[in-house]
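These notes concern the structure reproduced below.
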Amino acid sequence: MQKKLVPDYIERLETYQAGKPIDELAREKNLTRISKIASNENPLGPSPMAIREMTNVLWDVHRYPDMSAYQLKKALSELYRLKPENIVLGNGSEGIMGYICRAFLQEGDEVVTASNTFIGFLILAKSVGAKLIEVPRKPDYKYDIEAMAKKITPDTKIVYLANPDNPTGTYITKLEFDTLMKHVSPHTIVILDEAYFEFAKEWPDYPDSMDYRYDNVVTLRTFSKAYGLSGVRVGYGFGHDVLINALHKVKLPFEPSLVAQKGAFGALSDRPHLDRTLHNNRERFQDLWDFLTRHDFKPIASVCNFITFKTGSEAASLALFNGLLDKGVIIRALRANLMPDHVRVSLGTRDEMNHFFEVMEEILPAYNAKFGRPTK
Ligand SMILES: Cc1ncc(COP(=O)(O)O)c(C=O)c1O
């Protein structure tokens, strides 16, 4: 039989759609005030210490980066009291997910995860032809650990858990994780994606996976969210030597870049910037939560830097999304996550959130009338 140029499982993939860039919206709509609260970035920007480190290294970019990333791994290992040999770095935590898929997954392998979770991972798993088993959630949007456990078989190669989850912001407790692990064989890899760890850690029963190591678990974290470095692409993973060694074999040697390594090192050294970020997040969370409940939306209990809520229909989600976009506020409609009747709003600065509230107040009367909602 003639081989196909593009494998079927690649043809079936949909290209990832990122949030609209600020410049593009400004150009298209001739707007000057734009608030992008769509991609769960740090609205305060990067740490000044990260900027200083990155600026200083620009004169050295004719050299390849340090493959062993000595400085950054040392800083991470001191912070989390681990050996540098148990750390892998990559172009964002998504880069490391890519290495995991490359190292461990083959066409037809089973991957168990929750429904409607982080699309980036789903695309990577599908791109190597894995068979995804997406387990429906509980009515409160939390992962249904018992149902997930039932889907884990000896054929399961990877279990992917975003803890906390994107796009819902829900999380699983240590007890739930331990319960699930009872069903996982030592030959199955569990990815514990903790991209929102720094925000979630503020909540009392959110578990820190550093406190309970299993040999077949890889914990992933990132500098893209609380550390404000989405644009330079740097993430890290912790795991057993056997897993980390395998990942280093398939990893591109010079990722993350020299600038990214320095930026991450600077960000990690800047505790005050992280504290400002968490403080802003706490305040903006409360403002947005209060606004949404006051307007009869039902926000999902999130421990992250975003809140997702139900609109009731895809048409209603698009009406909110487009109504806000026309006035310069970019949020996320969740069609690609197969949650078309929900939208997600990232927590921005006070000014960005006020922009969101002002435009919402403007568009809500017509929106409520059109979609049969109570008027305030
Ligand atoms: C749950 C989750 N994991 C991973 C990522 C990717 O982060 P990074 O920028 O480190 O690749 C995201 C980004 O939105 C995310 O929401």
Review point. To the nearest 20 debye, what charge dipole does region 48-270 have about its Cα centre, counting +1 at the Cβ of each Lys and Arg and -1 at the Cβ of each Asp and Glu?
Key: 380
Revision key, fill the gap. Taking a ≥ b ≥ c as the square roots of the eigenvalues of the Cα gyration tensor, with a/c under 1.5 meaning rounded and otherwise prolate when a/b exceeds b/c and oblate if not, region 76-143 is oblate
Practice item. Subtracting the Cα-Cα distance from 0.36 nm times the residue separation, let me have the gained length for Leu132 to Ala26 in nm, one decimal. Key: 34.3 nm
Practice item. Starting from the Cα gyration tensor of region 290-348, take the square roots of the eigenvalues, sort them a ≥ b ≥ c, and report rounded, prolate or oblate (rounded when a/c is under 1.5, otherwise prolate if a/b is larger than b/c, else oblate). Key: rounded
Check your understanding: In straight Cα distance, which lysines are under 27 Å from Lys73, not counting same-chain residues fewer than 8 positions off?
Key -> Lys83, Lys174, Lys201, Lys225, Lys249, Lys251, Lys262
Exercise for review: Can you grab the distance from the C-alpha centre of region 238-269 to the C-alpha centre of region 133-181, Å, no decimals?
Suggested key: 27
Review point. Ser115 to Thr15: FRET efficiency via 1/(1 + (r/R0)^6), r the Cβ-Cβ distance, R0 25 Å, to the nearest 0.05?
Key: 0.75
Exercise for review: Provide Lys138, Lys151 ordered by accessible surface of protein heavy atoms (probe 1.4 Å), highest first.
Suggested key: Lys151, Lys138
Check your understanding: What aspartates and glutamates could a cross-link reach from Lys182, if we take a straight Cα to Cα line under 17 Å and drop same-chain neighbours fewer than 8 places away?
Key -> Asp144, Glu146, Asp155, Asp215
Practice item. Please report the relative contact order for the chain, taking Cα pairs under 8 Å with a sequence separation of at least 6, and give it as a percent rounded to a whole number. Key: 24
Review point. Given springs between every Cα pair under 10 Å in a Gaussian network model of the chain, which of Ser77, Ser93, Ser39 has the largest fluctuation?
Key: Ser77
Revision key, fill the gap. Check: C-alpha center region 187-202 vs C-alpha center region 70-94, spacing in Å is 15
Practice item. Compute the distance in nm between two label points, each set 7 Å from the Cα along the Cα-to-Cβ direction, one at Asp66 and one at Tyr80. Key: 1.9
Check your understanding: Distance in nm between label sites at Ser269 and Asp211, each 7 Å beyond Cα in the beta-carbon direction?
Key -> 3.1
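Using only helices, what value at 222 nm comes out for the chain when you add -39,500 (n - 2.57) per DSSP H run of length 4 or more and divide by the total residues, to the nearest 500 deg cm²/dmol?
-12500 deg cm²/dmol
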Exercise for review: Among Tyr236, Tyr214, Tyr80, determine the one that fluctuates most according to a GNM of the chain built with springs between C-alpha atoms less than 10 Å apart.
Suggested key: Tyr80
Exercise for review: Quickly work out the Thr179-to-Trp203 label distance, labels modelled 7 Å from Cα along the C-beta direction, and quote it in nm with one decimal.
Suggested key: 1.6
Practice item. Normalising by the residue count of region 157-282, find the relative contact order in percent from Cα pairs under 8 Å and 6+ residues apart. Key: 21
Point to revise | Mean separation of Cα contacts under 8 Å, 6 or more apart, over the residue count of region 48-270: relative contact order % | key: 30
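On average, how much accessible surface per residue is there in the chain, in Å², for a 1.4 Å probe, leaving out ligands, DNA and RNA?
Solvent-accessible surface per residue comes out at 48 Å².
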Exercise for review: Mind telling me which of Ile244, Ile307, Ile363 comes out most flexible in a GNM of the chain, alpha-carbon contacts under 10 Å?
Suggested key: Ile363
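The values are calculated or read from the model by the stated rules, or taken from the named source; none is laboratory data. Since we're looking at a predicted model, the values are computed, not measured. Because the Cβ atoms are built from the backbone with ideal geometry, glycine has one as well, and the counts that use them run over all protein chains shown. The area values use the complete protein model at the heavy-atom level, side chains included, leaving out ligands, DNA and RNA. Shrake-Rupley method; radii C 1.70, N 1.55, O 1.52, S 1.80 Å.
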